[in-house]
């Protein structure tokens with residue numbers, strides 16, 4: 001796959017995920033779940049802006065630089081610590097089956113997107129891989145976060161309290 005095709009395809013993946021999170025934020029009743037979906041929608045919008053700028057740079061120059069791509073995700077160990085906290089003190093929830101289904105769809109979208117980035121990192125020319133390696137890292141974090149939400153709802157009947165970190169990037 002050529003670099004411009006990879007970027008264009010990545011834009012398609014990111015658009016689908018962003019749209020799902022945006023719609024989920026509108027449908028979810030629980031304020032914490034709504035906040036998580038809205039935050040992830042903003043993060044995916046940032047991914048889109050980044051990719052679109054890389055595509056524009058490629059069109060202008062035939063090359064792509066890889067400025068840092070920020071994320072709102074906490075470090076990976078934070079998810080494990082938060083899971084332990086939830087298991088010690090579960091709270092009531094107003095989650096409904098529809099909200100769990102939105103999370104399951106988000107999980108599948110994140111799996112597909114991560115798989116696409118993994119394929120790019122494994123197959124593109126070495127000089128083009130760094131652009132997508134950071135996306136793979138971030139999307140794997142999204143996978144862990146969405147799975148943790150599903151696990152918390154299914155196992156404890158509570159929304160996994162994911163927003164105990166600063167939402168603003170850097």
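The residues in region 47-75 that are under 17 Å from residue 143 (Cα atoms) and outside any loop (DSSP other than H, G, I, E, B) can be counted, and the count is 1.
Just to be sure, is residue 95 outside any helix (DSSP H, G or I), farther than 21 Å from residue 140 by Cβ, touching a helix residue (DSSP H, G or I) at 6+ places or on another chain (Cβ under 6 Å) and modelled with pLDDT under 95? The answer is yes for residue 95. Can you say whether residue 104 is at pLDDT 60 or above and either in a loop (DSSP other than H, G, I, E, B) or within 23 Å of residue 57 (Cα to Cα) (or both), as far as the supplied structure shows? When the stated conditions are applied, residue 104 does not pass them. For residue 11, the test of being part of a helix (DSSP H, G or I), in contact with a helix residue (DSSP H, G or I) (Cβ under 7 Å, 6 or more places away or on another chain) and modelled with pLDDT of 80 or more is passed.
Determine, yes or no, whether residue 86 is assigned to a helix (DSSP H, G or I) and modelled with pLDDT under 55.
Against the criterion (assigned to a helix (DSSP H, G or I) and modelled with pLDDT under 55), residue 86 qualifies.
Looking across region 103-115, the residues that are in contact (Cβ under 8 Å) with a residue 40 or more places away in the chain and either within 11 Å of the chain's Cα centre (by Cα) or surrounded by 20 or more Cβ atoms within 10 Å (Cβ to Cβ) (or both) come down to 103, 106, 107, 109, 110, 113.
The values are calculated or read from the model by the stated rules, or taken from the named source; none is laboratory data. Given the structure is predicted, the values throughout are model-derived calculations rather than measurements. Glycine gets a Cβ as well: all are built from the backbone with ideal geometry, and neighbour counts include every protein chain shown.
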